[in-house]
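*Asks:* Below is one structure. I have some questions about it.
The values are calculated or read from the model by the stated rules, or taken from the named source; none is laboratory data. Being a predicted model, the structure only gives us computed values, none of them experimental. When we count neighbours, we look across all protein chains shown, and the Cβ atoms used for this are built from the backbone with ideal geometry, even at glycine.
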């Protein structure tokens with residue numbers, strides 16, 4: 001165990017030595033990686049903020065349930081009691097059929113139509129404000145209410161929720177595609193960086209193999225170096241995104257003051273930020289592993 005830990009300490013120290021040996025070249029590589037990662041990271045941060053703002057500023061969804069024509073006062077009280085006992089609702093109100101007819105008569109262009117009716121065709125109704133915002137939860141509520149006794153129909157105003165979910169889903173897919181493309185670019189950058197280092201140390205590697213060094217011992221410093229430049233690129237991407245948010249928020253505050261709403265984009269929480277850094281380190285490690293394995297496979301005797 002001590003030997004294994006010592007080997008990894010030496011490999012890590014060697015990776016830092018390689019980093020400081022060519023500071024300008026490595027700084028350029030880290031900058032390119034940081035810029036490549038900052039694009040999907042920034043888009044993801046903006047998308048997460050827009051999703052939060054959309055949920056905060058969109059109106060509460062409403063479900064309308066229309067009672068059957070033969071529903072009486074006791075049926076109305078029973079449904080009212082069930083709604084009061086139902087968890088997950090923000091509120092509800094009862095709309096008697098006569099009130100609905102009066103509202104119809106007050107609408108511009110519909111007064112003549114309402115006056116020509118021989119009776120009141122409108123049913124009693126409840127208008128329910130749901131606590132959930134997503135379309136799937138609204139549909140579950142609608143189906144539940146529609147199955148209640150003396151409920152003829154139930155309608156949900158969820159078109160806006162479906163449109164919002166569709167737009168956000170498109171945004172998430174776009175971010176994923178951009179992240180995948182730039183992740184391949186990061187792997188390629190790390191691959192070529194490690195390849196150049198292998199070429200400059202080819203003789204040293206051959207000598208160590210002749211004296212009995214294993215492939216794991218040879219590739220370990222390169223893997224640490226790949227992970228090191230990957231996580232350095234991730235930190236650069238995080239800082240670039242933070243700087244962009246700072247500049248953008250400074251321009252957004254006057255607009256927020258005009259509308260009287262709190263508009264401010266926030267960075268990723270620490271857990272997501274840590275995952276992004278580990279993901280960048282993993283990509284760098286993988287690119288280094290590909291480069292070293294390619295070299296060792298080409299030079300290993302068969």
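*Asks:* Checking residue 119 against (1) more than 19 Å from residue 142 (Cα to Cα); (2) at pLDDT 80 or above; (3) outside any helix (DSSP H, G or I), only one condition comes out false. Which one?
*Replies:* So the condition that residue 119 fails would be (2).
*Asks:* A further question on this structure: Quick one: which of 217, 238 is within 22 Å of residue 191 (Cα to Cα), in contact with a helix residue (DSSP H, G or I) (Cβ under 8 Å, 6 or more places away or on another chain) and either modelled with pLDDT of 85 or more or assigned to a helix (DSSP H, G or I) (or both)?
*Replies:* 217
*Asks:* Does region 247-261 include one or more residues that are closer than 13 Å to residue 37 by Cβ, part of a helix (DSSP H, G or I) and assigned by TED's automatic domain parsing to the domain that holds residue 44? Break it down stepwise before answering.
*Replies:* Taking region 247-261 and keeping what is closer than 13 Å to residue 37 by Cβ, we get none.
No; the residues of region 247-261 include none that is closer than 13 Å to residue 37 by Cβ, part of a helix (DSSP H, G or I) and assigned by TED's automatic domain parsing to the domain that holds residue 44.
*Asks:* Identify the single condition in (1) assigned to a helix (DSSP H, G or I); (2) at pLDDT below 80; (3) surrounded by fewer than 15 Cβ atoms within 10 Å (Cβ to Cβ); (4) not assigned by TED's automatic domain parsing to the domain that holds residue 50 that residue 108 does not satisfy, given that it satisfies every other one.
*Replies:* Of the numbered conditions (1) assigned to a helix (DSSP H, G or I); (2) at pLDDT below 80; (3) surrounded by fewer than 15 Cβ atoms within 10 Å (Cβ to Cβ); (4) not assigned by TED's automatic domain parsing to the domain that holds residue 50, the odd one out for residue 108 is (1).
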